[in-house]
Each structure stands twice: as structure tokens, then as C-alpha cells.
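One structure is given here, and the rest of the page talks about it.
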């Protein structure tokens, strides 16, 4: 039960951080949608990556396919073109990587 609780808490923390990053990147790139769209993008991204990795396993092919599907989701959610969706995704990836350096990992003790 404690493992399930820690997993749920970790998921919620990661979701909040991802939502904030997506929201800020969207605002910086000129998008008008609010925090709700960013939350939806974070949830959809999590679902996409979970399903693709479950179907294909870890690896480059799974990452590429999941990335393309998530670009489609960003494109639809923000009503933007491919290049802007790619720009937003790259900025999100870079900022998330930087934030990940400074935040403790969730796999260890909190």
C-alpha cells in the first residue's frame, strides 16, 4: 500500500511540474491557452508514452513514435503547426532536463 501511495504522489508531483513547464513554454511561444490546456497536454503525453512503451518496450523506436504522437496532440491542443509544436516540445524537453538536474529523483527516499 505504501508503494502505491508513493507512486501516486510521485505521479502527481511530476504532473504538476510538467504542467507548469508546458504552460510557461506555451506562454513564451505566444500561445493564449491556459493552465488547463497545459494539464491536458501533460496527461495526454503521459498516456501516450505509457501506451507506446508498453506496446514497444524501451528504445529509440518507441521514443520516436511516442514523440510524434505527442506532437500531434500538442498540434491539436494548441491549434498550431508542426514546426511550432516541435519547437514547443524541444523547449519542454530542455527545460524538463534542466529541472530534473535540480530536483531530487522520486525513486529514492523522500
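Here, each number is a calculation from the coordinates, and none is a lab measurement. Source: prediction; values computed, not measured. Every residue, glycine as well, gets a Cβ built from its backbone with ideal geometry; the counts of neighbours run over all protein chains shown.
For the chain, what does -39500 (n - 2.57) per DSSP helix run (n ≥ 4), summed and divided by total residues, give at 222 nm, in deg cm²/dmol to the nearest 500?
Calculated from helices alone, the mean residue ellipticity at 222 nm is -28500 deg cm²/dmol.
Ranked by the mean number of other Cβ atoms within 10 Å of their residues, highest first, the peptides 45-57, 5-17 fall in the order 45-57, 5-17. Our note on the geometry: Cα centres of region 45-83 and region 1-34, 17 Å apart.
Below 8 Å between Cα atoms, with a sequence gap of 6+, how large is the relative contact order for the chain in percent?
25
Between residue 32 and residue 50, the simple spin-label model (points 7 angstrom out along Cα→Cβ) gives 3.3 nm.
Using the alpha carbons alone, the radius of gyration of region 1-79 stands to its Kirkwood radius in an Rg to Rh ratio of 1.03.
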